[in-house]
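Peer 1: Provided herewith is a single structure, encoded as structure tokens, for subsequent inquiry.
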Amino acid sequence: MGLHATWLKKVTYFFLVFIFSAHANAQLLSLPKELKFKTLENQLASNLPLNDDTRYVFTFVSSRCPCSKSYSNQLNDIYKKFHAEGIKFYGVHSNHNESFKADTDYLIANYDFPIIDDLDQKLLKFFKAYKTPHVFVLDGNKVVYHGGIASSRTYNKSAEPLLRTALTQKTPSPSESKTMGCFIKRKDI
């Protein structure tokens, strides 16, 4: 076996190991057992324990993205329905270019659930969110669904069927969907 063939096998092996380990890591994403964060209202949430028997919804939102803004009423309706069943909802504000008072005031006024101030982008980087709105449903501290709020490019298409499936099934299907909306502005880019 020549040097070129040996090198090619090693490169192929490395590439396959990298691809499969990256895919496995994406499927096994889990948060620490507790989160500390501050809401936009400047209220420090006491440590948020991520209980194994509780579902959580983290939705990355924007004050400037038309797609994100178009779902605010539906998200509030879904929050009201499922919050009564013990599901915890949080919006996440990570856009680097939305740090003005008008931006935070808009988010506070238009969402009924707490909005996490993530301008340091720790949650953004952990979840690897990239657009608004981008939803992550957790069962305890394990991500069981992530993606868009609706399965269509049509803004205002009902978000409820997709989220209802993600929130009510132990193992939702689909477990991910395409995220449509505006890219989140990052500090490091």
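Peer 1: For Asp105, which of the numbered conditions (1) surrounded by 14 or more Cβ atoms within 10 Å (Cβ to Cβ); (2) at pLDDT 85 or above fails to hold?
Peer 2: Unmet condition: (1).
Peer 1: Filter region 106-138 down to residues that are touching a residue at least 40 places away in the same chain (Cβ under 8 Å), on the phi < 0 side of the Ramachandran plot and not aromatic (Phe, Trp, Tyr), then give me how many there are.
Peer 2: Here the count works out to 18.
Peer 1: Moving on to the next point. Mind checking whether some residue in region 45-56 is modelled with pLDDT of 85 or more, within 16 Å of the chain's Cα centre (by Cα) and not in a strand (DSSP E or B)?
Peer 2: no
The values are calculated or read from the model by the stated rules, or taken from the named source; none is laboratory data. Model, not experiment: these values are computed from the prediction. Don't worry about glycine lacking a Cβ; one is built from the backbone with ideal geometry, like all the others, and counts go over all protein chains shown.
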